[in-house]
Amino acid sequence: MSDAYEWAARFGEMFVSCCDEYEEGNTDYEAWFDEEDLANLKAIGCKPREFFDFVEDCCAAEGLEPTPESALLITAARRDYFLIEQKGQPSTHVVPPSELPAKTAELDGIPWLPRIIAKAEAKLRGEMDPDTMFFCGGDRAFLSRHHLHPADFLRVVWAAKGDTARILEFVKTGKFS
């Protein structure tokens, strides 16, 4: 069983270890984790593929995006949602890419916003399709353009509880009401 007090430290250790594996040419992420690692990931609502996506993008960007710290903060938002809203019970639903708004979709003239909201909701619930990533290149471009941290965006989407007007206000003003 995972130690709740040590989860962030363990996440960091795993991240470094998996980056080493990836940089040595091992991209078989299923082989990266032992039973204890898998139990630790499960306890925080993180799927091995999601972890791999962070590691892969971090290594490809030479540690710049996502940084290990951003990966940890995003995972912390998901973990909190998983433990508080889902009471530690994973969803069995998966949001296929075809159900996400188009990359060209706009909300109040802001491109990508409908898509990133839907992805954030799926990320919080642990319902991301394995081939879809929250904080992918398109998400990073959107969040950077609007000066928003991905973990902050996740928490705003969680707090808005489906009220896109509140999310829109946050994107436009940086304030949440």
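The values are calculated or read from the model by the stated rules, or taken from the named source; none is laboratory data. Here the structure is a predicted model, which is why all the values come from computation and not from measurement. Backbone-built Cβ (ideal geometry, glycine too); neighbour counts: all protein chains shown. Side chains are part of the model used for accessible areas, which takes the heavy atoms of the whole protein and leaves out ligands, DNA and RNA. Shrake-Rupley method; radii C 1.70, N 1.55, O 1.52, S 1.80 Å.
Considering every residue within region 132-152, establish whether at least one is farther than 17 Å from residue 57 by Cβ and touching a helix residue (DSSP H, G or I) at 6+ places or on another chain (Cβ under 6 Å). Within region 132-152 (the criterion being farther than 17 Å from residue 57 by Cβ and touching a helix residue (DSSP H, G or I) at 6+ places or on another chain (Cβ under 6 Å)), the answer is yes, since at least one residue qualifies. Within region 1-28, the set of residues being without any contact (Cβ under 8 Å) to a residue 40 or more places away in the chain, under 18 Å from residue 66 (Cα atoms), open to solvent by 70 Å² or more (accessible area, probe 1.4 Å) and touching a helix residue (DSSP H, G or I) at 6+ places or on another chain (Cβ under 8 Å) comprises 23, 27.
Condition (residue is modelled with pLDDT of 95 or more, of a type in the set (D, E, K, R) and under 25 Å from residue 43 (Cα atoms)) applied to region 98-120: is it met by at least one residue? Yes, the conditions are met somewhere in region 98-120.
The residues of region 35-69 that are surrounded by 19 or more Cβ atoms within 10 Å (Cβ to Cβ), in a helix (DSSP H, G or I) and not acidic (Asp, Glu), listed by number, are 40, 41, 51, 52, 54, 55, 58.
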